[in-house]
Amino acid sequence: MSLRNKAVIVGVGESDIGKMPHMTGLGLNAQAAKRAIDDAGLKVSDIDGLLTAYSFTEPYFMLGTVMAEYLGLKPRFCASMIVGGASPAAMLHHAAMAVAQGQCNTVLVCAGENRATGMTRDEAVAALAAVGHPYFEAPYGASIPALYALIAQRYMHEFGLSREALASVAVMARRHAGLHPNAHMRKPITAADVLNAKPIAEPLTMLDCCLISDAGGAFIVTSPERARDLPCKPAYLLGIGECHTHEHLLCADSLTRFGAVESGRAAYAMAGLGPKDMDLAQLYDCFTIVPIIELEELGFCAQGEGGAFFAAGKTGIHGELPVNTHGGMLSHAHAGAVGGLMGIVEAVRQLRGGLGERQVPNAEVALVHNEGGILSSHCTAILGMQPR
Amino acid sequence: MTTIPKFAAGNADSKPYWEAAQQGRLVFKKCLACGQIQFPPRHLCPKCWSDRSEWVTSAGTGRVYSYSIVRRAPSPAHAGKVPYVLAVVDLDDAPRMVTNIVGEDALGVKIGDAVKVVFEACDGGAIPQFQRALK
Ligand SMILES: [Zn+2]
């Protein structure tokens, strides 16, 4: 059974973002969930499904059930899903399946944590190092930025990507964040700022790396039938696909080709659409190299041309393909699994319209791509304002 | 000092790897059914699922496929080592490894450099590392 047109997103919400020492990670999720329910025009009693991801600052066993308990929900469909940064789009996939099969009617999907103030920067970096293989990567000091740096370095070597073009991804993200009232970092930056920022793992500097924020995000999935009498404009799930190729970098078949090709192909096939039909894209941008690779794998430009695509300004609000119109994880927010979830929130908002300066003109179809691990788990979703 | 996690050295899948490293040998598990050399070592071959395998010794030579000079350490254990080189090395006779490039000229590493395995004594035994081969 194709999921096309079988599920809609009816409410989206994001918590306060930045440094929120007065809030817990669960509290940030609750704040975002409350805003999403209000946005949808739903009652709390309408929620009968709950999906969440994981938390480093509050690493509860059974986080999904803990979240339900915290929110006072007793859902009949509930889980915590862990496919790293790909979790939000994968949760959208699972929520849509549950709704389409009648397992439940209305699923709250939420994620996020207080990663900026709930743990020290050193603790956050150390916790993330656990993503590397415990025996065959971690002993070598393979931090997550360093593992992505290996991909960036090889890409630059093979395709002649300039350091400035790589930096342009961060510059564009910051420009878009400046148009978003709730973005964590809004002060404009230049390519020179990126190049001169604190070196982390060559070629990546601090400004090539995503933020560490306190942030929560939420969206609500239900059936098109249920959405009919709600006050909000529903965004239809038109296509979705996943591909999980490896977890650890040393087991990746290639350092220049990843699973976004397959997840994208599946999503396009379900939607009956192609890259040229997309009015905007919210790509996963944990590091500047990543959206460059995703642009290429998702068919928006040829391999090796993603950097030039960014550097030429084609990803701006009025460009050929606006990308990460909220500022992405590089400038809007990143905390645990919430980074990619904010891409879904922003895609829905763009499709509804009315975002002022940040609004992409005539946005009717949006692509969202989430990836987790070291370009390991991929999920691509296509959303639209009209069923197809 | 580099530390091999205690659970790694005692891990049933990889124990022979660490024991060989202590004897100065780099070993990999080779599938007796399809010939695939697997890394990390597993109970069965990830290509054909045969559970018959043998350990083979690698010449330990290869080339740098990619590298990064790490300026910010992920843990206090590595803080004293910065800047250090994290690299992906393609071995001539075995799969790809993530490793450090060590030695006095390590920071001058380039993609394509020939490298050879060396064994660094560390807390918990010895760990394979790579050095740039002399020109
Ligand atoms: Zn085999």
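The values are calculated or read from the model by the stated rules, or taken from the named source; none is laboratory data. Not measured: the values here are computed from a predicted model. Here Cβ is always computed from backbone atoms with ideal geometry, including for glycine, and neighbour counts include all displayed protein chains. For accessibility, only protein heavy atoms count, side chains too; no ligands or nucleic acids. Shrake-Rupley method; radii C 1.70, N 1.55, O 1.52, S 1.80 Å.
Of the residues in region B:107-126, not one is at the interface with chain A (Cβ under 7 Å from one of its Cβ atoms), crowded, with 17+ Cβ neighbours inside 10 Å and part of a strand (DSSP E or B). Does region A:244-261 hold any residues that are among the acidic types (Asp, Glu) and over 28 Å from A:ALA333 (Cβ atoms), and which are they? The answer is A:ASP253, and nothing else. Condition check for A:ALA126 on (1) out of contact with any His (no Cβ under 8 Å at 6 or more places or on another chain); (2) in contact (Cβ under 8 Å) with a residue 60 or more places away in the chain; (3) assigned to a helix (DSSP H, G or I): one failure, at (2). Put simply, of A:GLY41, A:GLY11 the only residue that is touching a Pro at 6+ places or on another chain (Cβ under 7 Å) and not hydrophobic (A, V, I, L, M, F, W, C) is A:GLY41.
Rundown of residues vs (1) within 14 Å of chain B (Cβ to nearest Cβ); (2) part of a helix (DSSP H, G or I); (3) within 25 Å of A:PRO231 (Cα to Cα), yes/no style:
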{"residue": "A:ASN29", "(1), (2), (3)": "no, yes, yes"}
{"residue": "A:ILE37", "(1), (2), (3)": "no, yes, yes"}
{"residue": "A:SER55", "(1), (2), (3)": "no, no, no"}
{"residue": "A:PHE61", "(1), (2), (3)": "no, no, no"}
{"residue": "A:ALA68", "(1), (2), (3)": "no, yes, no"}
{"residue": "A:VAL99", "(1), (2), (3)": "no, yes, yes"}
{"residue": "A:CYS104", "(1), (2), (3)": "no, no, yes"}
{"residue": "A:LEU108", "(1), (2), (3)": "no, no, yes"}
{"residue": "A:THR117", "(1), (2), (3)": "no, no, no"}
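Across region A:215-243, the qualifying residues are those that are modelled with pLDDT of 95 or more and among the acidic types (Asp, Glu), and the one among them that is surrounded by the fewest Cβ atoms within 10 Å (Cβ to Cβ) is A:GLU225.
Scanning region B:45-72 for residues that are more than 26 Å from B:GLN23 (Cβ to Cβ) and near the ligand (Cβ under 10 Å from one of its atoms), we see that the one that is least open to solvent (accessible area, probe 1.4 Å) is B:SER50.
The residue that is nearest to the ligand (Cβ to nearest atom), counting only those in region B:73-88 that are under 15 Å from A:ALA138 (Cα atoms), more than 7 Å from every other protein chain (Cβ to nearest Cβ) and small (Gly, Ala, Ser), is B:ALA87. Going through (1) away from chain B (no Cβ under 14 Å); (2) crowded, with 23+ Cβ neighbours inside 10 Å one by one, A:ASP193 falls short only on (2). Among the residues of region B:51-72, those that are facing chain A (nearest Cβ under 7 Å) and of a type in the set (D, E, K, R) comprise B:ARG71, B:ARG72. Within region A:136-152, not a single residue is open to solvent by 10 Å² or more (accessible area, probe 1.4 Å), assigned to a loop (DSSP other than H, G, I, E, B) and at the interface with chain B (Cβ under 8 Å from one of its Cβ atoms).
Right, A:HIS180: open to solvent by less than 10 Å² (accessible area, probe 1.4 Å), away from chain B (no Cβ under 12 Å), over 30 Å from A:ARG76 (Cα atoms) and part of a loop (DSSP other than H, G, I, E, B) or not? Considered against the rule, which asks whether it is open to solvent by less than 10 Å² (accessible area, probe 1.4 Å), away from chain B (no Cβ under 12 Å), over 30 Å from A:ARG76 (Cα atoms) and part of a loop (DSSP other than H, G, I, E, B), A:HIS180 comes out as yes. Could you please let me know if B:SER14 is at the interface with chain A (Cβ under 10 Å from one of its Cβ atoms), more than 16 Å from the ligand (Cβ to nearest atom), free of Cβ contacts under 8 Å to residues at least 12 places away in the same chain and within 26 Å of A:ALA146 (Cβ to Cβ)? No: the conditions fail for B:SER14. Within region B:21-42, being within 12 Å of the ligand (Cβ to nearest atom) and either surrounded by 14 or more Cβ atoms within 10 Å (Cβ to Cβ) or within 18 Å of A:HIS248 (Cα to Cα) (or both) holds for B:LYS29, B:LYS30, B:CYS31, B:ALA33, B:GLN36, B:ILE37, B:GLN38, B:ARG42.
Scanning region A:4-24 for residues that are assigned to a loop (DSSP other than H, G, I, E, B) and open to solvent by 10 Å² or more (accessible area, probe 1.4 Å) yields A:ARG4, A:ASN5, A:LYS6, A:ASP16, A:ILE17, A:LYS19, A:MET20, A:PRO21, A:HIS22, A:MET23, A:THR24.
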